[in-house]
Amino acid sequence: MTLRLAAALVAFIADSASSHAQQMIAPKNPKPVIERQVAPDLYFVFDYDSSNSAFLVTDDGVLVIDTRQHPQDGRDLIKRIRAVTDKPIKWVVNTHFHGDHHFGNSAFKEAGATIVAQEETDRLMRLTFKKEFARRGKFFQSRGYDPAEVRLTPADVAFEREMVIHLGGKEVRLMYLGPGQNPGDTFVYIPHDRVIYTPGAFAKRSWANTAFTPSVDSWISLLQKVSKMDVDKVLPAHGDVATREDVGEMAKFLSDEYAGVKDAVAKGMSADEAAKTLTFPQYRDYRNYHVREHDIRSLYNLIKTGKSSYFDDAAEKH
């Protein structure tokens, strides 16, 4: 990244909106990053205040799922991998286009990994790079990260519906089941461990950010499919280890929220009225409840226009 581009992007950060969709809020007292061994060969890196990752260790090398929010986070993840194995890092899978899941890619590219993403995820990683960069300024500042280190590192390999990776005698299935929270949402299924890693489409008992989805019906449908899969553990892109039942609970939450907003639109409520009126008290204890009004406005816009407003200006900022 050139100094001129870095300066322009930093200036863009300062001018960006501070809403939930536009600017990530940095925690005042960050929680420690926790690494859990969830299977004999599988490790889950849980960052409560940011985004999660996982890595699978085999005799022939390592496969990584999501690279976190900054190259420094990526290097931290590589250190964690090196504490477990000296095998080469062969593959990186990006589950969706949000910058907090691929801004660490450059560290893994330097380590020799091949980066994989679903076609829409790869396209949106490129299209929304500057916008995604801008909304993470407070996070970079909170952790003392240099924004100029961040650079776009897109996929080397893009797939359409499904891709199977064989590594060290083990199989990993990348599955695109349709749009969820985002176009391109990819689930990573590890059959021998009976584990599935989810994109942003799922987080355990957490209010969903609806600013990006093109279809809530599709989102609910894919969560319902995952809730019926033969797995023991669900590793979310945000939040702690979960179960299939937790995925089903989130599908119910989305159904209730979407039905409530559709009803408000049908009754002729304005977006402001809907945001103030719909409180969904049964989900008050969910994480991120404080962004409820923003998410109701996003759903209201989707119902009225048929599209997500997040991508309206992404092309001109690309």
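Values quoted throughout were computed directly from the atomic coordinates according to the rules given, and no laboratory measurement underlies them. From a predicted model like this one, the values you see are computed outputs, not experimental measurements. In this analysis, Cβ positions are derived from the backbone assuming ideal geometry, glycine residues included, and neighbour counts consider all displayed protein chains.
Tabulated data
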{"quantity": "Residue within the stretch 197-220 that is out of contact with any helix residue (DSSP H, G or I) (no Cβ under 9 Å at 6 or more places or on another chain), closer than 28 Å to Leu124 by Cβ and among the aromatic types (Phe, Trp, Tyr) present", "calculated": "yes"}
{"quantity": "Top-ranked residue in the stretch 202-217 [being closer than 25 Å to Asp41 by Cβ and part of a loop (DSSP other than H, G, I, E, B); ranked as nearest to the chain's Cα centre (by Cα)]", "calculated": "Phe202"}
{"quantity": "Filtered residues of the stretch 157-182 (kept if closer than 20 Å to Asp60 by Cα and either surrounded by fewer than 17 Cβ atoms within 10 Å (Cβ to Cβ) or of a type in the set (Phe, Trp, Tyr) (or both))", "calculated": "Val157, Val164, His166, Gly168, Gly169, Glu171, Arg173"}
{"quantity": "Odd one out for Ile220 among (1) among the β-branched types (Val, Ile, Thr); (2) out of contact with any strand residue (DSSP E or B) (no Cβ under 8 Å at 6 or more places or on another chain); (3) crowded, with 22+ Cβ neighbours inside 10 Å; (4) part of a helix (DSSP H, G or I)", "calculated": "(3)"}
{"quantity": "Lone qualifier among Ala148, Ala117 - being among the small types (Gly, Ala, Ser) and crowded, with 16+ Cβ neighbours inside 10 Å", "calculated": "Ala117"}
{"quantity": "The stretch 75-91 - residue that is assigned to a strand (DSSP E or B) and out of contact with any Ser or Thr (no Cβ under 6 Å at 6 or more places or on another chain) and, of those, surrounded by the most Cβ atoms within 10 Å (Cβ to Cβ)", "calculated": "Ile89"}
{"quantity": "Strands (runs of 3 or more DSSP E) completely within the stretch 101-183 that count 3 or more residues being within 19 Å of Tyr197 (Cα to Cα)", "calculated": "114-118, 162-167, 170-176"}
{"quantity": "Count - residues of the stretch 37-47 that are surrounded by 14 or more Cβ atoms within 10 Å (Cβ to Cβ) and assigned to a strand (DSSP E or B)", "calculated": "7"}
{"quantity": "Residue in the stretch 262-275 that is within 26 Å of Asp49 (Cβ to Cβ) and in a loop (DSSP other than H, G, I, E, B) present", "calculated": "no"}
